[in-house]
Amino acid sequence: MAKSASQSAKSVGSLHVLGVLCGLTAGVWLGAAEAPTKLVNAGLSPFAVSLCMVAGVFVARWSIPTLLKGTTYVFSDLMQRKHLIVWALLGGALWAVANTLTVFAIRDVGLAIAFPMWNANSLIGLLWGRVLFRELDGADRGTITKVVLGTVCIVAGAILLGFSALHGGTHTGHNALGGILAAIGAALGWGTMYVPYRKAYLSGMNPLSFVTAFTVGELITMFILIWTLDGGSKSSAFHMANSGQFLFWLFLGGFVWIIGDMFQQFAAKYLGIGRGIPLSNTNQLWGLAWGALVFGELAGADFPHKMLVLGGSVVMIIGALFISTAKASAGEHSSRNEVLERECNKYDLDYNEVLLAQSGEEFDRSERRRWWDVVIVLAATGIFVYLGIHAVVPPLAMDFKWIAILGVVMLVSLITCGYRLYKQTRFS
């Protein structure tokens, strides 16, 4: 049914607000997800840490979509857009490489420094969004100014943080330059990873369906990395069962990352990657909070270098907010619809169905639960319960008061945004 102009404007504005909420919630959860990778400082291989996180991601990526939509819905969506499965696998591969690089970065320069640096992925995403999907076409001067100023702020913040890592005393590793390069590599990988995201959503695919295939690419790539770069069958990653007390925390890190990524996916869908990525990159604030407040990473830094870290973080946040508040105009939406029509013509998709999906108003598709849906969710729950029973508190100095405070913030953001997303789109 066609909407009136006022209804359409109201819908666009409402979806913008929803996208902003999803991006902010993604920041809270993505910021917490990397905290378990501090276990690399307990002597575990970065490849082992990354593999276990990917395993946790795999469990979560199959159980959460099953719980929210059911496998009948998910596979129906995938089969109607088979060409996107390859893109999902590619996106998963990029994620696995980038995630492994973040573990090396955390080891060598610390969480508080590495986190803001790899959030330069917003620059890469902005570039791809402009070149491949014509984002900002039709934008007014004010919107373009916000995006440009935001980009300059993000670059300036990254320079400040890189300088503090090279000349400061905040990192715990022995290879600061290597850690910086690893963080930059992660930014490149994650920034490019959003191309498959955007391509999928312009074709009308549900984010929950996309991530189900995405995780297969993650797992395959991690096995290839370990086999070729970490000793093959002799890698410590394949003997993590002997360190079962740590597995729970790494699986939990993967699970928390998936919650954040789910909201990030919806932010990218409703705002575009040029706006959605910077907004979710407020996770650098939460990464700094976990690194500094929980793990005390800045305790040994002198005042000037603390100011560099905090100043760089604030500048990057300001840049992200500039970009995220640049609301798309009617001209931009018209340009987006032309790109959408191009995708529909290329892959023989129904334009009206895809346009509805862009607004969170999917065409009817069965969400009936099957008996194996229950098995999948119970199996995933059983894995976490089993690992939790055998878990021990990691041998790291942590402030449990701040863990509790940050945990409450995570829970509130999940309930608030999750409810809004369900009421407005039914997770579509």
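The values are calculated or read from the model by the stated rules, or taken from the named source; none is laboratory data. What you see is a predicted model, and the numbers here were worked out from it, not measured in a lab. Quick reminder, even Gly has a Cβ in these numbers, built from the backbone with ideal geometry, and neighbours come from all protein chains shown.
Between a first residue in region 133-151 that is in contact (Cβ under 8 Å) with a residue 12 or more places away in the chain and assigned to a helix (DSSP H, G or I) and a second residue that is of a type in the set (S, T, N, Q) and surrounded by fewer than 19 Cβ atoms within 10 Å (Cβ to Cβ), which pairs have beta carbons less than 8 Å apart while being 6 or more apart in sequence or on different chains?
As it stands, the answer is 143/329; 146/325, since those pairs meet every condition given.
Given 191, 232, which one is at pLDDT below 80 and either within 14 Å of the chain's Cα centre (by Cα) or surrounded by fewer than 19 Cβ atoms within 10 Å (Cβ to Cβ) (or both)? Write out each step before concluding.
Details: 191 fails: at pLDDT below 80.
Just one listed residue meets the conditions, 232.
Quick check: anything in region 401-420 surrounded by 13 or more Cβ atoms within 10 Å (Cβ to Cβ), on the phi < 0 side of the Ramachandran plot and at pLDDT below 85?
no
Would it be correct to say that residue 296 is touching a residue at least 24 places away in the same chain (Cβ under 8 Å), over 30 Å from residue 133 (Cβ atoms) and either of a type in the set (Val, Ile, Thr) or not in a helix (DSSP H, G or I) (or both)?
Values: touching a residue at least 24 places away in the same chain (Cβ under 8 Å): yes; over 30 Å from residue 133 (Cβ atoms): yes; either of a type in the set (Val, Ile, Thr) or not in a helix (DSSP H, G or I) (or both): yes.
Yes, satisfied.
When residue 398 is evaluated against the numbered criteria (1) part of a helix (DSSP H, G or I); (2) surrounded by 14 or more Cβ atoms within 10 Å (Cβ to Cβ), which criterion, by number, is the only one it fails?
The number of the failed condition is (1).
If a residue must be polar (S, T, N, Q) and out of contact with any helix residue (DSSP H, G or I) (no Cβ under 6 Å at 6 or more places or on another chain), how many such residues does region 396-423 contain?
Qualifying residue count for the region: 1.
Which of the residues belonging to region 82-113 are surrounded by fewer than 23 Cβ atoms within 10 Å (Cβ to Cβ) and not in a helix (DSSP H, G or I)?
82
Taking region 380-389 only, how many residues are more than 30 Å from residue 19 (Cα to Cα) and surrounded by 13 or more Cβ atoms within 10 Å (Cβ to Cβ)? Please lay out each step first, then the result.
Residues of region 380-389 more than 30 Å from residue 19 (Cα to Cα): 382-389.
Pick out the ones that are also surrounded by 13 or more Cβ atoms within 10 Å (Cβ to Cβ) and you get 383-384, 386-388.
Adding up the residues that qualify gives 5.
Residues are listed down the side, and each one gets a yes or a no for (1) assigned to a loop (DSSP other than H, G, I, E, B); (2) exposed (fewer than 15 other Cβ atoms within 10 Å of the Cβ):
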{"residue": "274", "(1), (2)": "no, no"}
{"residue": "279", "(1), (2)": "no, no"}
{"residue": "301", "(1), (2)": "yes, no"}
{"residue": "304", "(1), (2)": "no, yes"}
{"residue": "307", "(1), (2)": "no, yes"}
{"residue": "312", "(1), (2)": "no, no"}
{"residue": "340", "(1), (2)": "no, no"}
{"residue": "345", "(1), (2)": "no, yes"}
{"residue": "355", "(1), (2)": "no, no"}
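With on the phi > 0 side of the Ramachandran plot, small (Gly, Ala, Ser) and modelled with pLDDT under 75 as the only criterion, which of 70, 13, 43 stands out?
When all the criteria are applied, what remains is 43.
Is it fair to say residue 111 is within 20 Å of the chain's Cα centre (by Cα) and modelled with pLDDT of 85 or more? Outline the logic, then answer.
On the way: within 20 Å of the chain's Cα centre (by Cα): yes; modelled with pLDDT of 85 or more: no.
So residue 111 fails the test.
Return the only residue of 159, 224 being out of contact with any helix residue (DSSP H, G or I) (no Cβ under 6 Å at 6 or more places or on another chain), in a helix (DSSP H, G or I) and either at pLDDT below 85 or not aliphatic (A, V, I, L, M) (or both).
Numbers: 224 fails: either at pLDDT below 85 or not aliphatic (A, V, I, L, M) (or both).
Criteria check complete, one pass: 159.
Looking at residue 426, is it within 24 Å of the chain's Cα centre (by Cα), of a type in the set (Lys, Arg) and within 26 Å of residue 77 (Cα to Cα)?
Numbers: within 24 Å of the chain's Cα centre (by Cα): yes; of a type in the set (Lys, Arg): yes; within 26 Å of residue 77 (Cα to Cα): yes.
When the stated conditions are applied, residue 426 passes them.
Do the conditions hold for residue 349, that is, is it more than 23 Å from the chain's Cα centre (by Cα), aliphatic (A, V, I, L, M) and part of a helix (DSSP H, G or I)?
No; evaluated as a whole, the condition is false for this residue.
Of all the residues that make up region 381-406, how many are of a type in the set (Gly, Ala, Ser) and over 21 Å from residue 298 (Cα atoms)?
Taking region 381-406 first, the residues of a type in the set (Gly, Ala, Ser) are 382, 388, 391, 397, 404.
Filter once more, so that each one left must be over 21 Å from residue 298 (Cα atoms): 382, 388, 391.
Summing the residues that are of a type in the set (Gly, Ala, Ser) and over 21 Å from residue 298 (Cα atoms) in region 381-406 gives 3.
Among the residues of region 357-375 satisfying the criterion of being in a loop (DSSP other than H, G, I, E, B) and of a type in the set (S, T, N, Q), which is modelled with the lowest pLDDT? Before the answer, list the steps.
Just the residues of region 357-375 that are in a loop (DSSP other than H, G, I, E, B), to begin with: 359-370.
Cutting the leftovers down to of a type in the set (S, T, N, Q) gives us 359, 366.
Details: 359: 73, 366: 56.
My answer is 366.
Is there a residue in region 255-272 that is at pLDDT below 85, closer than 29 Å to residue 416 by Cβ, charged (D, E, K, R) and touching a helix residue (DSSP H, G or I) at 6+ places or on another chain (Cβ under 6 Å)?
No.
Please work out if residue 211 is under 30 Å from residue 358 (Cβ atoms), assigned to a helix (DSSP H, G or I) and modelled with pLDDT of 85 or more. Lay out the reasoning, then the answer.
Working: under 30 Å from residue 358 (Cβ atoms): yes; assigned to a helix (DSSP H, G or I): yes; modelled with pLDDT of 85 or more: no.
When the stated conditions are applied, residue 211 does not pass them.
Among the residues of region 42-96, which ones are of a type in the set (Lys, Arg) and more than 16 Å from the chain's Cα centre (by Cα)? Spell out the reasoning first.
Of region 42-96, the ones of a type in the set (Lys, Arg) are 61, 69, 81-82.
69, 81, 82 - these are the residues of region 42-96 that are of a type in the set (Lys, Arg) and more than 16 Å from the chain's Cα centre (by Cα).
Residues checked against (1) touching a helix residue (DSSP H, G or I) at 6+ places or on another chain (Cβ under 6 Å); (2) among the basic types (Lys, Arg):
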{"position": "292", "(1), (2)": "yes, no"}
{"position": "302", "(1), (2)": "no, no"}
{"position": "321", "(1), (2)": "no, no"}
{"position": "329", "(1), (2)": "no, no"}
{"position": "346", "(1), (2)": "no, yes"}
{"position": "349", "(1), (2)": "no, no"}
{"position": "353", "(1), (2)": "no, no"}
